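**Student:** Quick one: structure below, then a few questions.
The values are calculated or read from the model by the stated rules, or taken from the named source; none is laboratory data. Keep in mind the model is a prediction, meaning the values are calculated, not measured. Because the Cβ atoms are built from the backbone with ideal geometry, glycine has one as well, and the counts that use them run over all protein chains shown.
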Amino acid sequence: MPTLPGLRSGFAWWLPPLTAVLGAIVAVLISQSTAAAWSADVHLWARDGHPPGVYAELVLDRSVQESATEGMMASESGLPRIDGVAVELTDTLIRVTVQASAQADAEALALSLAHAVVAEAHARYGDDAGLDLLGLVRPGARKIAPATEWSAAWASAVGLLVGLALAAATARVTRSPESNLGRIGRLGLRPIAVVSDEAEQRSQADLFQVSGDPVSETTERGSMLDDAVQLANALNPVSGIVAFTPLDAASDLNASLIRAAQTLAARGNIVIWLDARRPAFELTHTEPPDWLQGAAWSRPHRSELILREAARAVPPNGYVLVPTDPLSDPSASEVARSAVGVVLVARADAEDQQLIQACDMLRSMPLLGVVLSHAPQRDLHEFELAHPPD
């Protein structure tokens, strides 16, 4: 069955119509079990004499209502019975609404009650009673219960809303999990390459192959760019010292980064690979050498040694690619801060809190983007869709 437009995968599109129909059916059944009710309206006019409120009290008097029913003819179900009375005053106009269980009874009871009120007013107040019957507001009684059509319409609308809410809740539960690329992007980091475990192993194997061919820019993925080419493309706009800094020890890459350096070199660039990870650039002595005894001496920082060596090695318009220790290492963050570009290497499944802390540390650094390591096939596919080949 084709997917309806505008609906996400997992959305139960059939649920809102079903709950709407069920709501309408329940409303109809409940309405049919409700006793019938009809109402009719008459107008009385308090032309002079006592205030209209005095006559309104006569309308609501139980003894007056009983006298209105005594003179009426009984049917098979007995004497007509007033089920409810309402009074509305508009200046000297009195509107009386009478409710009954039968259509014919409602109109007859309204007129009978109006006559009984006029008679009672003259009996109590004599010539001072200025109350007249103007007649029915409209001919015929109106049905007020059960309101089957309105009940069904409202119940259907409520059922539709309930069905939409249930379907949306179900869709949130059953839809596929959020991609790592989208999650990392919302944290403020831009993925520039995605490397799976398989791709890293393949790159490691390629390093041990003896071949005079230049690094190819197509792989088993067909026309899609491989991870080394993706990373080389991201480095193209810069030249100078570029730091490859892992988020943590578990995020580190080696073979894929070396293949990116080979790709840059295959394009005619001068590329220097300076591995600054420990134990490289570790100081083996804590005291000044013998020939400096007596002279002022301070132990140089490890990051200073790395940057000094990188600055000596950097070629004009070329690259010195410097893999460092994890970002939390003071020497690594100092090298990254002094480089012309920083590439953060992070596992695709890195926790949000860890990435947020990395964003805070990288604010003062020239971040080029993030290489996602240990990525699942879904992340590889989404990255390829977002970066089609030229």
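**Student:** Among the residues of region 96-144, what is the count of those that are under 21 Å from Trp45 (Cα atoms) and among the basic types (Lys, Arg)?
**Tutor:** Total meeting the criteria: 2.
**Student:** Could you please let me know if Asp197 is closer than 13 Å to Leu380 by Cα and modelled with pLDDT of 60 or more?
**Tutor:** Against the criterion (closer than 13 Å to Leu380 by Cα and modelled with pLDDT of 60 or more), Asp197 qualifies.
**Student:** Continuing with the same structure: Filter region 52-85 down to residues that are part of a loop (DSSP other than H, G, I, E, B) and modelled with pLDDT of 85 or more, then give me how many there are.
**Tutor:** Count: 1.
**Student:** Shifting gears a bit: Any idea which of (1) under 16 Å from Ala243 (Cβ atoms); (2) modelled with pLDDT of 90 or more is the one Ala266 doesn't satisfy?
**Tutor:** (1)
**Student:** Name the one entry in Gly126, Gly140, Gly182 that is modelled with pLDDT of 80 or more, exposed (fewer than 13 other Cβ atoms within 10 Å of the Cβ) and closer than 30 Å to Thr69 by Cβ.
**Tutor:** Exactly one residue qualifies, and that residue is Gly126.
**Student:** Return only the number of the condition from (1) over 17 Å from Glu88 (Cβ atoms); (2) part of a helix (DSSP H, G or I) that Ala114 does not satisfy.
**Tutor:** Failed condition: (1).
**Student:** Also: What are the residues in region 1-51 that are small (Gly, Ala, Ser), closer than 30 Å to Gly135 by Cβ and either assigned to a loop (DSSP other than H, G, I, E, B) or modelled with pLDDT under 70 (or both), if any?
**Tutor:** Answer for region 1-51, where residues must be small (Gly, Ala, Ser), closer than 30 Å to Gly135 by Cβ and either assigned to a loop (DSSP other than H, G, I, E, B) or modelled with pLDDT under 70 (or both): Ala35, Ala36, Gly49.
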